[in-house]
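The values are calculated or read from the model by the stated rules, or taken from the named source; none is laboratory data. Keep in mind that this is a model prediction, so the values were computed, not measured. Every residue, glycine among them, receives a Cβ derived from its backbone with ideal geometry; neighbour counts consider all protein chains shown.
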Amino acid sequence: MTAPQTPDSNPRRAFIAAAGAGVAGLGFTVIAPGLHLMAVGEANAAEARKAGTAASPAVRWGLLIDANKCAPGCTKCIDACHTENGVSEKLPDPRQNSQWIRKIELVDKRNGRVTQLPMMCQHCAEPPCVDVCPTGASMKRADGIVLVDRHTCIGCRYCMMACPYKARSFVHAPLTQQNPEVPRGQGCVESCTLCVHRVDKGQQPACVESCPEGAMVFGDLNDPASDIAKRIASVPTTQVRADLRLNQGVRYQGL
Amino acid sequence: MFTPHPRHEEALFYLLAAIGGVVSAIGLAAALYMEHSGHVVTGMNNQIVWGLPHVFAIFLIIAASGVLNVASMGSVFGRVLYKSRAPLSGLLGIAMLSGGLAIIMLDLGRADRLMVAATHFNPTSVFGWNVILYPVFYGLVGVYLWTMMERRMNPYAKAAGLATFVWRVVLTSGTGSIFAFLVARQAYGTALLAPMFIIMSFAWGLAVFIIVQATMYAWNGMTLPPLILQRLKNLLATFVAATLYCTAILHLVNAYFAKNIAFETFILFNSEFTGAFWIGQVLIGSLLPLALLFHPATRARATWVNVAALLVIVGAYFQLHVFIIGGQAFPLDIFPGYDVKSSFMDGAVDHYTASLPEILLAVGGLGIAFTMTIIGVRVLHFLPQDDLAEIEAAGSITD
């Protein structure tokens, strides 16, 4: 059994962080913000999880989304997510289609300010969907990723009732053209997996990689040296419905 | 009421049992169709995830618990009048729970994974608790019926009745808690729902009992003694009034919170559910039955008491429709203070229309409960037999 790795005990991450800091120190911070963000994002890319080892509780994967950068009309993150995860069905009633990620347009009732942002499973530390699931199919991995076990989901949809973010979809029809790495199932509930199959290979979620504005940062919230942790420490960020005290892994900037 | 001629009585029984069986079979076929095609053939979607089948199922499950109140009045609280009615109440409890559970289970996205539900238990899930609550309910009611029907076991009837009483209070608290435990929905998420569901179960279960009892008496050419009718109608009126009171408090408290005013305005004044609430739930399901049960011209007549009980059942449908469908149709307030829109119905009111397979599945559940009841009362001879002298001597008939 492998002992959980703390951020400090992870030599590769420490090396990458040091390299990132060195690159920044060499003056790359003057490059355009988008390029800078991508470069640091790469430097904080997840380490591949070795086959047969459990997810580490020392890690808390999260996303920081800068709503100020989210461009109106842009759906690249949605397209990338649905392509990556094989979410392609187009049912006659669009309300029955799965949407793992969606764009929401917000208009502030007080001043009319318009904000765009992508919304998906918020990967709560205290997920109501996990609490209510009768079979335990809704589960939270040790590294904070909230998932549905396709083999034990009975399709009762109680988790959909419980989710405060409307982040879950029910598969209403038979599926074709599935991605073998992302098993889905008719009659089961599903939601954003934070591209767990990519994260376990040391890659970033598809939505993060596809965003042309660099509005999304993925990383380890527990690692003070990670870009996401530094950003959250330095700029005001918001958890949606923070009043519910669910401690989401997805944070927003510019809300 | 209609009393069949003795020569035709048996044929009529088989006809009714066959109709019940066919309705149940059609419901099963509809479920298989939904299982094969997916829920795309239903009116349910990713916003309104629970629909008509859940309205019917929850009615049956709530009423199944409540109908046992009749038995509890006899065994637990020692009321002689209700003792002779306890076996029928136990049978109805089992029949209605079976119908309700059949609907819930057949509506699952993966109904074939029943064994998964039985073998994977999440202790924090109210649904998970049901895996324990329902089978034990069956077991307790079965034992309770046994103690009543087997003379040697009679001394244990009170203990079995008490256990059943406690268990069904827990069970219906669990049903209410399914909604009470939802943290972010404006319509739910209040502790009031657990006791309110218990009160609702008393009203709806007794209404069903009165209708079934009236039918059985008519079938056998008997008349319910006026004293017993009076007692039952007073009890029904009390429960209906208590349910109406809980409804008023639920909406009043919700409307008091600024964050929920939009939802309450939606349900009470400005939506497709407004009519169902005021006319269906309040007028038909509560005020009219209360008027019939208390008005001097109707309160002593069995026909009108039966009509009142029927209206309570119709009102229960409207109440659950408003509560379950209406509660989901209103959008989640994910971003308080913002107007929101998206491709996923954020910020938008949804509309739900049940499809034919859903309707057939829901009615199929009623068919299962009906068939089990009609066969049960035929085989087990559960017609309540009253010894009025004993009742009057026990003093339990007096108001």
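Residues considered: A:Asp223, A:Asp243. Of these, the only one that is crowded, with 21+ Cβ neighbours inside 10 Å and outside any strand (DSSP E or B) is A:Asp223.
Annotation note: of A:His82, A:His123, the sole residue that is more than 8 Å from chain B (Cβ to nearest Cβ) and in contact (Cβ under 8 Å) with a residue 24 or more places away in the chain is A:His123.
Of the helices (runs of 4 or more DSSP H) lying entirely inside region B:60-128, those carrying at least 2 residues that are over 19 Å from B:Leu360 (Cβ atoms) and more than 14 Å from every other protein chain (Cβ to nearest Cβ) are B:69-75, B:80-83, B:86-107.
Can you pull out the helices (runs of 4 or more DSSP H) entirely within region A:112-217 that have at least 2 residues that are more than 20 Å from A:Thr83 (Cβ to Cβ)?
Working: elements: A:128-132, A:158-162, A:196-199, A:206-210.
By residue number, A:128-132, A:158-162.
The set of residues in region B:332-349 being more than 7 Å from chain A (Cβ to nearest Cβ) and either in contact with a strand residue (DSSP E or B) (Cβ under 6 Å, 6 or more places away or on another chain) or free of Cβ contacts under 8 Å to residues at least 24 places away in the same chain (or both) consists of B:Gly347, B:Ala348. Residues that are part of a helix (DSSP H, G or I) and β-branched (Val, Ile, Thr) were ranked within region B:283-316; the one that is surrounded by the fewest Cβ atoms within 10 Å (Cβ to Cβ) is B:Thr303.
Could you tell me whether any residue of region B:161-170 is within 14 Å of chain A (Cβ to nearest Cβ), assigned to a helix (DSSP H, G or I) and either among the polar types (S, T, N, Q) or over 25 Å from A:Arg157 (Cβ atoms) (or both)?
Here is the first cut: in region B:161-170, the residues within 14 Å of chain A (Cβ to nearest Cβ) are none.
The answer is no, given that none of the residues of region B:161-170 is within 14 Å of chain A (Cβ to nearest Cβ), assigned to a helix (DSSP H, G or I) and either among the polar types (S, T, N, Q) or over 25 Å from A:Arg157 (Cβ atoms) (or both).
If the condition is being over 22 Å from B:Gly315 (Cα atoms) and within 14 Å of another protein chain (Cβ to nearest Cβ), then region B:175-207 contributes B:Phe181, B:Leu182, B:Val183, B:Ala184, B:Arg185, B:Gln186, B:Gly189.
For region B:271-282, filtered to residues that are among the polar types (S, T, N, Q) and assigned to a helix (DSSP H, G or I), the residue that is surrounded by the fewest Cβ atoms within 10 Å (Cβ to Cβ) is B:Thr274. Scanning region B:1-29 for residues that are of a type in the set (Gly, Ala, Ser) and under 22 Å from the mean Cα position of the chain (by Cα) returns B:Ala17, B:Gly20, B:Gly21, B:Ser24, B:Ala25, B:Gly27.
Pairing each residue of region B:45-58 that is facing chain A (nearest Cβ under 9 Å) with any residue that is outside any loop (DSSP other than H, G, I, E, B) and among the polar types (S, T, N, Q), provided the two are 6+ apart or on different chains, yields C-beta distances under 7 Å for B:Asn45/A:Gln96; B:Asn46/A:Gln96; B:Asn46/A:Ser169; B:Gln47/B:Gln328; B:Ile48/B:Gln328; B:Val49/B:Gln328; B:Trp50/B:Gln328.
Condition first: at pLDDT 95 or above and on the phi > 0 side of the Ramachandran plot. Can you find one or more residues in region A:119-140 that meet it? Yes, region A:119-140 contains at least one residue that is at pLDDT 95 or above and on the phi > 0 side of the Ramachandran plot.
Selection of region B:244-303 for residues being within 22 Å of B:Met196 (Cβ to Cβ), of a type in the set (D, E, K, R) and modelled with pLDDT of 95 or more yields only B:Glu264.
Taking B:Phe323 as the residue in question, decide whether it is of a type in the set (Phe, Trp, Tyr), farther than 15 Å from B:Val55 by Cα and touching a residue at least 40 places away in the same chain (Cβ under 8 Å). Explain how you work it out, then say what you get.
Working: of a type in the set (Phe, Trp, Tyr): yes; farther than 15 Å from B:Val55 by Cα: no; touching a residue at least 40 places away in the same chain (Cβ under 8 Å): yes.
Spelling it out, it is not the case that B:Phe323 is of a type in the set (Phe, Trp, Tyr), farther than 15 Å from B:Val55 by Cα and touching a residue at least 40 places away in the same chain (Cβ under 8 Å).
Taken as a whole, region B:130-138 holds no residue that is more than 14 Å from every other protein chain (Cβ to nearest Cβ), surrounded by 17 or more Cβ atoms within 10 Å (Cβ to Cβ), closer than 30 Å to B:Gly315 by Cβ and among the hydroxyl-bearing types (Ser, Thr, Tyr).
In this structure, is A:Leu64 farther than 28 Å from A:Ser226 by Cα, surrounded by 14 or more Cβ atoms within 10 Å (Cβ to Cβ) and among the aliphatic types (A, V, I, L, M)? Quick ask: steps written out before the conclusion?
Numbers: farther than 28 Å from A:Ser226 by Cα: no; surrounded by 14 or more Cβ atoms within 10 Å (Cβ to Cβ): yes; among the aliphatic types (A, V, I, L, M): yes.
In short, no.
Selection of first residues in region A:85-109 that are facing another protein chain (nearest Cβ under 7 Å) and of second residues that are of a type in the set (Gly, Ala, Ser) and not in a loop (DSSP other than H, G, I, E, B), restricted to Cβ pairs under 6 Å at least 6 apart or on distinct chains, gives the following pairs, ordered by first then second residue: A:Gln99/A:Ser169; A:Arg102/B:Ser342; A:Ile104/B:Ser342. When you go through (1) touching a strand residue (DSSP E or B) at 6+ places or on another chain (Cβ under 7 Å); (2) within 10 Å of chain B (Cβ to nearest Cβ) one by one for A:Ile154, which number turns out not to apply? It fails just one condition, (1). What are the residues in region B:107-124 that are surrounded by fewer than 13 Cβ atoms within 10 Å (Cβ to Cβ) and not hydrophobic (A, V, I, L, M, F, W, C), if any? Across region B:107-124, the qualifying residues are B:Asp112, B:Thr119, B:Pro123.
A search for C-beta distances below 7 Å between a residue of region A:150-172 that is under 13 Å from B:Gly128 (Cα atoms) and any residue that is modelled with pLDDT under 95 and of a type in the set (S, T, N, Q), counting only pairs 6+ apart in sequence or on different chains, returns nothing.
Does A:Tyr165 fit the bill of being under 24 Å from A:Gly219 (Cβ atoms) and within 7 Å of chain B (Cβ to nearest Cβ)?
Considered against the rule, which asks whether it is under 24 Å from A:Gly219 (Cβ atoms) and within 7 Å of chain B (Cβ to nearest Cβ), A:Tyr165 comes out as yes.
Scanning region B:317-361 for residues that are of a type in the set (Asp, Glu), surrounded by fewer than 21 Cβ atoms within 10 Å (Cβ to Cβ) and under 32 Å from the mean Cα position of the chain (by Cα) yields B:Asp333, B:Asp350.
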